[in-house]
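Report on one structure; see the data block that follows.
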């Protein structure tokens with residue numbers, strides 16, 4: 001066992017050697033400075049596709065630094081990877097968080113070429129609450145993102161895809177800062193739900209969810225998938241026998257099938 005972990009440590013170290021990291025790059029200064037970590041292949045001879053990852057944490061926890069493994073692994077596979085932070089509840093509600101993620105996308109569009117990324121190939125992904133934020137930022141036009149600028153959206157066990165339906169059955173309380181995040185207003189819940197904005201211009205989507213995840217997440221993903229299928233007949237979902245947290249932890253392993261699936265998805269949207 002000790003030999004296995006020694007081998008694993010060497011393997012992960014060698015993987016990181018093939019990647020260059022830019023730490024705490026500011027992407028907005030209003031209302032406060034927010035930053036991203038950017039991972040790029042060291043041998044970058046041409047512009048590479050770009051992936052923005054947004055972490056989860058129930059909208060009130062989590063940090064970008066936790067997910068360096070995802071950035072390194074994608075960069076090793078020639079994907080310029082941006083991992084952005086955002087303000088958490090109760091300091092921000094869902095709308096401010098989404099505005100911040102939209103600013104991150106706009107920053108990428110205008111600046112990622114300086115880091116070897118192709119601004120014509122921007123993909124966005126998020127786990128849990130992060131899946132909600134990237135979906136809402138790219139699907140609701142009020143956040144200022146041109147849908148044509150998003151090459152694809154990858155949802156990983158996304159929470160909050162239909163907060164309107166969920167909160168009608170489970171009204172928000174102060175627990176987990178839900179009142180701060182969502183308010184008491186059902187119209188706000190509808191505006192906060194990516195499923196509200198689905199149309200034929202929605203960026204091409206790849207969906208993952210865990211069959212052992214939270215019941216509310218499974219239900220929302222199934223409903224989202226069913227509705228989106230009418231607009232995207234080629235829509236693909238991958239349902240894995242995993243719980244919620246392992247759905248993102250699987251990216252720790254460079255040989256995870258998720259990398260090949262996402263790279264294949266990128267090739268099909270080029």
Helix-derived mean residue ellipticity, 222 nm - over the chain, DSSP H n ≥ 4, -39500 (n - 2.57), to 500: -11500 deg cm²/dmol
Region 14-130 - percent relative contact order, Cα under 8 Å, separation 6 or more: 34
Between region 63-130 and region 225-252, the alpha-carbon center distance in angstrom: 19
Degrees, to the nearest 10: 129-139 long Cα axis against longest axis of the chain: 80
Per-peptide average of other Cβ atoms within 10 Å, ordering 32-38, 78-84 highest first: 78-84, 32-38
Highest-fluctuation residue, 147, 169, 201 considered, GNM on the chain with Cα pairs under 10 Å: 169
Efficiency of FRET from Cβ geometry, residue 229 and residue 120, R₀ 25 Å, rounded to 0.05: 0.40
Mean separation of Cα contacts under 8 Å (6+ apart) over length of the chain, as relative contact order %: 16
Most fluctuating residue given options 108, 150, 238, as computed from a GNM of the chain linking Cα atoms under 10 Å: 238
By average C-beta atoms within 10 angstrom, highest first, the peptides 18-24, 170-176: 18-24, 170-176
DSSP beta bridges in the chain [antiparallel fraction, %, rounded to 5]: 30
Global size of region 111-203 as Cα Rg and Dmax, reported in angstrom: 14.9, 47
Sequence-separation-based contact order of region 149-228, relative, with Cα cut under 8 Å and 6+ spacing, percent: 46
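Read-outs: derived from the displayed coordinates by stated rules, not from any lab. Worth saying up front: this structure is predicted, and the values here are computed from it rather than measured. A quick note on method: Cβ atoms are made from the backbone with ideal geometry, for glycine too, and the neighbour counts reach across all protein chains shown.
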